[in-house]
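What follows draws every value from the coordinates through simple rules; no lab data is involved. Every value quoted in this text rests on a predicted model; they were computed, and no experiment measured them. With ideal geometry, Cβ positions are generated from the backbone for all residues, glycine too; neighbour counts draw on all protein chains shown.
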Amino acid sequence: MNSNINFNIEIIIDEYSNYVFKIVDNIIGTSLPYQDKEEVVSDVFYLLWKNQDNINNNLKGYLGVIAKNCSYSKLRKSNENLEYQDNLLNNNVSIKGFDSDYMFTIKQKLSKLSLEEQQIFKLYYVEGYKIKEISNKLGIKTSLVKVKLYRLRKKLREEFV
């Protein structure tokens, strides 16, 4: 961390723990238990402490990125989440709180996408892969993955309007 920033982990945790938890909670949702969310928050502050010499002046931004990455990593490691998401997308299970007609509509909209778009959608939104990881996995440039995600979001928004 820059020498002009006073690094006191206890003060930082007090000030930013709610912010970090909100990010983690928004990403993980109900897919994992509360204890797992707390573990992710702890991991974020551990990584902050461990990498304090490499952080610039944007502490909040750094914490946000780490919280997002740690949350997606935790979801990927959870077989329970992947099974849940796959069943949800395949409409093979009845989920409380979800209207089955709405889920069927979502499945129909996703089926209109090309196979590549479906694959990118699943890798990014369901399995939580980063754009660079998708790029490596599919053997395409990261800029192309970004463009395809942008167009995919636009296409899905148009379908639901």
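Assorted remarks:
- Entries of Lys74/Lys122; Lys68/Lys112; Lys50/Lys77; Lys68/Lys148; Lys130/Lys154; Lys22/Lys141 with Cα pairs more than 24 Å apart: Lys68/Lys112; Lys22/Lys141
- Placing a pseudo-label 7 Å from each Cα along the Cα-to-Cβ vector at Asn58 and Ile11 gives an inter-label distance of 2.3 nm.
- Peptides 61-69, 45-53, 18-26 ranked from most to least packed by the mean count of surrounding Cβ atoms within 10 Å: 61-69, 18-26, 45-53.
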